[in-house]
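Right, one structure below, let's go through it.
The values are calculated or read from the model by the stated rules, or taken from the named source; none is laboratory data. Keep in mind that this is a model prediction, so the values were computed, not measured. Note that we place each Cβ from the backbone using ideal geometry, even for glycine, and neighbour counts take in every protein chain shown.
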Amino acid sequence: MIQDIYPHKLNNRFDPSKRPDENSLIFSFSGLDLLIKGETLPRLSDLKGISADDPVFLFTIDGDKDFFLYRGAVSPENIPEGFEYINVRTLRGKGFAEKYMPLAIYTGLHLAHWYGNFKYCGRCGKPTRPDDKERALRCDCGNVIYPVIAPAVIVGVTNGDKILVTKYRTGYGHFALVAGFTEIGETLEETVAREVMEETGLKVKNIRYYKSQPWGIVCDLLVGFFCDVDGDDTIKMDESELKVAEWRSRADVELQPDQFSLTNEMMTVFKNGLI
C-alpha cells in the first residue's frame, strides 16, 4: 500500500522553527495539480521570487529529507524550466524510483487542502495564522482548527469463495470494492452495513476489521473491513453510483494496476486465498 515505504520512515512531527534551505523540497499545488518535473519536486533555489519565510514545514522522511509547502500556485512566469503542474491522479500510475514519493505527495496534498480551506476563520471570518506549538491554525477570536481527517470504509463482502467487486459509474475505471464515508453519529461498522445496502441492496454480517490507510487525495483515512453476505445474495445495484457490481470467484478477481491502495491489497489477499 501507499504507506508501505520501509525501510524509509515518514516523520510528521510538527516543528515550526524549521526553515527551508536552497536544497529543500517544495510542494506547490494548484487544486489537484502538483508542480513537478518527472519524479522531481522543485527545490527552493528553483523557485524565483519565493523567500525562505514563505514555505511552511510539513514533514521529514528518513530524518534528512525535509518537505515544505508553498501555499499557492507559482505564477506562470516563475515556473522553473522543465517543471509543470500535473494532476496527482495521473501521478498515481507512475513507477517512482523513490518508493516514498507517492505517500509524500498524497500527504502533502492533504495538508495543502487544509491550509487552503481554512485561510479564514469559520467562526468570525478573520484570517487565521499557523500555531507556533502544534499543527493547528488559530484565530484571534480563540478558534483553533486542526487538520481535517475524514473516516471512510473499504468493504470486502464475501459469499463463500466469491467476493463482491464493483466499478464506479464515473472516475476510477478499474475494479474496486464497496466504499463510502462515515456519517455523523455513525460507527464504522454501521457505515459498512449502510454502504453495502445502499450500493448493492445486500445485508451483511460478521463484520471484521482488516487494516487502515491514509489517503490524502480526498483527505480521508480508509478503514478496511471484510464481512459476509447475510441471506439473499441477489445484487440490487445503485446505478447512479456504480456501473458494475457482481460476485467474482478468487480466480476471476481482476486486480488494480498498482499496489498503492488498501482496496487492491484486500482484493489480492482474497484472490490468493489468504482470507
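What are the residues in region 93-122 that are closer than 16 Å to Phe29 by Cα, surrounded by fewer than 18 Cβ atoms within 10 Å (Cβ to Cβ) and touching a residue at least 24 places away in the same chain (Cβ under 8 Å), if any?
Passing the criteria: Gly116, Asn117.
Residues Gly82, Gly125: which one is free of Cβ contacts under 8 Å to residues at least 12 places away in the same chain, more than 18 Å from Asp54 (Cα to Cα) and of a type outside the set (Asp, Glu)?
Testing whether each residue is free of Cβ contacts under 8 Å to residues at least 12 places away in the same chain, more than 18 Å from Asp54 (Cα to Cα) and of a type outside the set (Asp, Glu) leaves just Gly125.
Inspect all residues belonging to region 123-136 and state whether any of them is at pLDDT 95 or above, crowded, with 19+ Cβ neighbours inside 10 Å, among the hydrophobic types (A, V, I, L, M, F, W, C) and in a loop (DSSP other than H, G, I, E, B).
no
Among the residues of region 192-207, are any within 24 Å of Arg169 (Cβ to Cβ), within 18 Å of the chain's Cα centre (by Cα) and surrounded by 14 or more Cβ atoms within 10 Å (Cβ to Cβ)?
No, that holds for no residue.
Within region 50-94, can you find the residues that are among the β-branched types (Val, Ile, Thr), farther than 25 Å from Glu134 by Cα and touching a Leu at 6+ places or on another chain (Cβ under 9 Å)?
Of everything in region 50-94, those that are among the β-branched types (Val, Ile, Thr), farther than 25 Å from Glu134 by Cα and touching a Leu at 6+ places or on another chain (Cβ under 9 Å) turn out to be Val74, Ile79, Ile86, Val88.
Can you find even one residue in region 171-185 that is loosely packed, with under 15 Cβ neighbours inside 10 Å, at positive phi and modelled with pLDDT under 95?
Within region 171-185, one or more residues are loosely packed, with under 15 Cβ neighbours inside 10 Å, at positive phi and modelled with pLDDT under 95.
Does Lys99 qualify as being touching a helix residue (DSSP H, G or I) at 6+ places or on another chain (Cβ under 9 Å), charged (D, E, K, R) and part of a loop (DSSP other than H, G, I, E, B)?
Considered against the rule, which asks whether it is touching a helix residue (DSSP H, G or I) at 6+ places or on another chain (Cβ under 9 Å), charged (D, E, K, R) and part of a loop (DSSP other than H, G, I, E, B), Lys99 comes out as no.
What residue, among those in region 7-49 that are without any contact (Cβ under 8 Å) to a residue 24 or more places away in the chain and in contact with a helix residue (DSSP H, G or I) (Cβ under 8 Å, 6 or more places away or on another chain), is nearest to Tyr106 (Cα to Cα)?
Residue satisfying both the conditions and the ranking: Asn23.
Against the definition (of a type in the set (Phe, Trp, Tyr) and surrounded by 21 or more Cβ atoms within 10 Å (Cβ to Cβ)), how does Phe14 come out, yes or no? Walk me through it before giving the result.
Details: of a type in the set (Phe, Trp, Tyr): yes; surrounded by 21 or more Cβ atoms within 10 Å (Cβ to Cβ): no.
Considered against the rule, which asks whether it is of a type in the set (Phe, Trp, Tyr) and surrounded by 21 or more Cβ atoms within 10 Å (Cβ to Cβ), Phe14 comes out as no.
Looking only at region 152-170, how many residues end up being within 21 Å of the chain's Cα centre (by Cα), surrounded by 15 or more Cβ atoms within 10 Å (Cβ to Cβ) and of a type in the set (Lys, Arg)?
Counting residues in region 152-170 that are within 21 Å of the chain's Cα centre (by Cα), surrounded by 15 or more Cβ atoms within 10 Å (Cβ to Cβ) and of a type in the set (Lys, Arg) gives 1.
Only one of these conditions is not met by Lys167: (1) within 29 Å of Thr90 (Cα to Cα); (2) in contact (Cβ under 8 Å) with a residue 40 or more places away in the chain; (3) part of a helix (DSSP H, G or I). Which number is it?
Evaluating Lys167 over (1) within 29 Å of Thr90 (Cα to Cα); (2) in contact (Cβ under 8 Å) with a residue 40 or more places away in the chain; (3) part of a helix (DSSP H, G or I) leaves (3) as the failure.
Could you check region 77-98 and list, in sequence order, the residues that are of a type outside the set (Asp, Glu) and at pLDDT below 90?
First, pick out the residues of region 77-98 that are of a type outside the set (Asp, Glu): 78-80, 82-83, 85-97.
Within region 77-98, Asn78, Arg89, Thr90, Leu91, Arg92, Gly93, Lys94, Gly95, Phe96, Ala97 qualify.
Mind listing whichever residues of region 20-40 are at positive phi and surrounded by 13 or more Cβ atoms within 10 Å (Cβ to Cβ)?
The answer is Gly31, and nothing else.
Looking at Gly95, Gly72, can you tell me which residue is under 19 Å from Pro20 (Cα atoms), not aliphatic (A, V, I, L, M) and not assigned by TED's automatic domain parsing to the domain that holds Asp220? Explain how you work it out, then say what you get.
Values: Gly95 fails: under 19 Å from Pro20 (Cα atoms).
On inspection, the qualifying residue turns out to be Gly72.
Among the residues of region 47-74, which ones are farther than 17 Å from Ile36 by Cβ and hydroxyl-bearing (Ser, Thr, Tyr)?
Ser51, Thr60
Check off (1) of a type outside the set (D, E, K, R); (2) buried (at least 20 other Cβ atoms within 10 Å of the Cβ); (3) more than 24 Å from Arg135 (Cα to Cα); (4) within 25 Å of the chain's Cα centre (by Cα) for Leu47 and give me the number that stays unchecked.
Here Leu47 clears every test but (4).
Just the residues that are within 10 Å of Phe67 (Cα to Cα) and in contact with a Pro (Cβ under 8 Å, 6 or more places away or on another chain), please, taken from region 20-48.
Passing the criteria: Pro20, Ser24, Leu25, Ile26.
Just the residues that are over 30 Å from Leu103 (Cβ atoms) and either modelled with pLDDT under 95 or of a type in the set (A, V, I, L, M) (or both), please, taken from region 212-238.
Of everything in region 212-238, those that are over 30 Å from Leu103 (Cβ atoms) and either modelled with pLDDT under 95 or of a type in the set (A, V, I, L, M) (or both) turn out to be Val229, Ile235, Met237.
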